[in-house]
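The block underneath contains the structure these notes are about, expressed in structure tokens.
Derivation of every value follows stated rules applied to the coordinates shown; laboratory data play no part. Values in this document were obtained by computation on a predicted structure and should not be read as measured data. Please note: Cβ atoms are built from the backbone with ideal geometry, for glycine as well, and neighbour counts cover all protein chains shown.
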Amino acid sequence: MSDALKDFEEPEIHSELETMRHSAAHVMAHAISRLWPTAKFGIGPTVENGFYYDVDLGEVKLVPEDLKKIEKEMIEVIKKAAPFVRQEHPVDEAIAMFKKMNQPFKVEIIETLRDKTGAKTVSTYTEGDFIDLCRGPHVKTAGQIKAFKLTSIAGAYWRGNEKNPQLQRIYGAAFMTKEELHEHLQMVEEAKKRDHRKLGKELDLFTFIQESPAAPFFLPKGTIIYNRLVQLMRDLYKPYKYDEVITPQIMDVALWHKSGHYANYKESMYFTDVDERQFAVKPMNCPGHTYIFANSRRSYRELPLRLADFGRLHRYEKSGATAGLTRVRTFCQDDAHIFCTADQIEPEIKNVVDMIMRTYKLFGFTDYKIALSTRPEKRVGSDELWDKAEAALKRVLDSLGMPYFINAGDGAFYGPKIDFQVKDALKRPHQLGTIQLDFSMPERFDLNYIDADNSQKRPVMVHRAVLGSLERFIGVAIEHFGGAFPFWLAPLQARLVPIPTKTPKEGATSDPNIDFCVEIQKKLERMGYRVDIDDRNESMGFKTREAQTAKIPVMLVAGDRETEAGQFALRKYGERDSKTMSVDEVFAFLKELQDVPYQILDGIKA
């Protein structure tokens, strides 16, 4: 893709499926032009699983019912099976043609190509009586477009700039077979059910308010999950030998000039004035950790020095880009920085990879991709340092034998990185962990350690996160588990349900089944479990349905027979059958579920 077209978000077409999807976008635009002849068209690229087209329909505001009208018109276009005919036009001729057609967005694209790349010609594709600016490729005829369905309507600013006109973006899905399309649409429906914003509300995990946009409030149950994740990472920090630190939220802007954040990241930062000095709210922990390193005279014997920080970070995200927990303006990372010698780079990064792989396996994230993200256009540090850092990361990945791809230009402004993209239960990709190698910040903060020969040496800095943003990870985990968290992570782990006794004893003032459940509840709570009792005067069917709706991992039922025998009927979430267990067996069963995270600690070699 030319640099000029990057502004218009048009990806390259590489496969037969992408070619068909791109052709479907063209046919959709053709159908729209037949329904609304004055429509003005933006761009119509392929996306994962389909395509979209941005269109200006003037006063017409599309509603979901309009998608069926467009689909019907697309079918009529496809039936005619008109060929796609490519033609080259001199730039000035193309500009005049699209001006005459009253297509200002197409004119702007051509003018951008001419001005930025010096293009002399552009290409169009004609299909039937519809002509569109496009570099292609397309299928031979419209009749080759296979299974498709229009799925949604959204708003989109032209060229992603909120100062530009807002267009209507129409999304569609397209596949080679009806079976593949059906499978995809089923997955989309399942994704709607698992949407973390929907489940977060239903399960009382978090909320948002207008007075604090894109800043989540974690409710008691959500806070349990949040803290349990923090504890999981702290448990991992012990064998991997991390020290936890706390750094300030607000620091003088001079620090952010020194780190390079002001020059390279200020549009994403928050600032405030205090005592006639400008301060910034930290978007990252790394500069603060350099001061902790420099706080005392360091020897090579202290390295690697691993500093972990759960400090809250603030980054400005445009309102149109925020989305539930997955993109917020305030968040916490399981963040850490490793200060090491050049010789320690490879073993340290391997240890971080080991930590990441163990953690992802715990959550069932076994399908993943690894990217080596290289130098961005906007960066700090010399090309020599970047060459050195990129080569070091490549060496580590090659030595581990882990397949990876190059994500050119997507590194942090201070160093290249290894990014981990996992697929959830619905096979959707999510960017989580990252390892960043930084030679620049130790230079900028003049960090040194005393080597074995008593000379001063510059340390190397490794930035790393395993879960990434806790907020984002929780959002991903909610959808991955469908809200049915594993026992060790669930806000409420077990519910005891006493069945009212059928044979009350004469003179008794309480129900023995309730008393039995209360006694066991107290024992379980002393053991550290999160449990409650449902002793309401409701039917067992009602209580069971409610426990299932709340996605409580374990339900323990006690009627007269169970209480007398010191047993429970144990039923796991999602299962229809229950199993009778003694109290001791219940305790052993729950302990096994509770101890699952600690299996990842076995065999750690830090």
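Summary of values
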{"read-out": "Expected-Rg normalisation [2.2 N^0.38 Å, Cα atoms] applied to the range 3-194", "value": "1.00"}
{"read-out": "Separation of the Y300 and A565 label points, Cα + 7 Å toward Cβ, nm", "value": "6.9"}
{"read-out": "³J(HN,Hα) computed for each position of the range 433-445 - Karplus, 6.51 cos²θ - 1.76 cosθ + 1.60, integer Hz, glycine/proline x", "value": "x, 8, 10, 10, 9, 10, 9, 7, 5, x, 5, 5, 9"}
{"read-out": "Sequence-distant residues sharing a close amide H with A119 (under 5 Å, placed H)", "value": "R114"}
{"read-out": "Diffusion constant of the range 46-152 at 10 °C, which comes from Stokes-Einstein with the Kirkwood Cα-pair radius and 1.306 mPa s, µm²/s", "value": "101"}
{"read-out": "Solvent-free Debye scattering, log10 I(q)/I(0), computed from the Cα coordinates of the range 135-183 at q = 0.25 Å⁻¹", "value": "-0.91"}
{"read-out": "Taking the chain and dividing mean pair separation by its residue count, relative contact order in percent (alpha carbons under 8 Å, at least six apart)", "value": "10"}
{"read-out": "Backbone N within the range 189-214 under 20 Å of label point (7 Å from R545 Cα along the Cβ vector)", "value": "202-204"}
{"read-out": "The chain, helix-only ellipticity at 222 nm - DSSP H runs n ≥ 4, -39,500 (n - 2.57), divided by all residues, nearest 500", "value": "-11500 deg cm²/dmol"}
{"read-out": "Reachable aspartates and glutamates from K192, criterion Cα separation under 13 angstrom, eight or more residues apart if same chain", "value": "E479"}
{"read-out": "Projected area averaged over orientations for the range 280-340, convex hull of C-alpha atoms, nm²", "value": "5.0"}
{"read-out": "Calculated FRET value between D92 and I209, using beta carbons and R₀ = 56 Å, to 0.05", "value": "0.55"}
{"read-out": "Likely footprinting exposure, Y53, Y125, Y237, Y270, fewest C-beta neighbours within 10 Å first", "value": "Y270, Y237, Y125, Y53"}
{"read-out": "Values of log10 I(q)/I(0), in the order q = 0.11 Å⁻¹, for the range 277-417 under a Debye, Cα-only, solvent-free model", "value": "-0.54"}
{"read-out": "At 1.567 mPa s and 4 °C, Stokes D of the chain from Kirkwood alpha-carbon radius, µm² per second", "value": "46"}
{"read-out": "Relative counts (whole %) of C-alpha pair distances in the range 199-481, using bins that are 5 Å wide", "value": "1, 5, 12, 16, 19, 18, 14, 9, 4, 2, 1, 0, 0"}
{"read-out": "Net length gained if the chain between S382 and E592 were fully extended (0.36 nm per residue, minus Cα distance)", "value": "70.3 nm"}
{"read-out": "Average projected area [Cα convex hull, the range 494-596], square nanometres", "value": "6.6"}
{"read-out": "Filter on K120/K163; K238/K427; K61/K149; K80/K100; K69/K146; K106/K427 - keep pairs with C-alpha separation over 24 Å", "value": "K120/K163; K238/K427; K80/K100; K106/K427"}
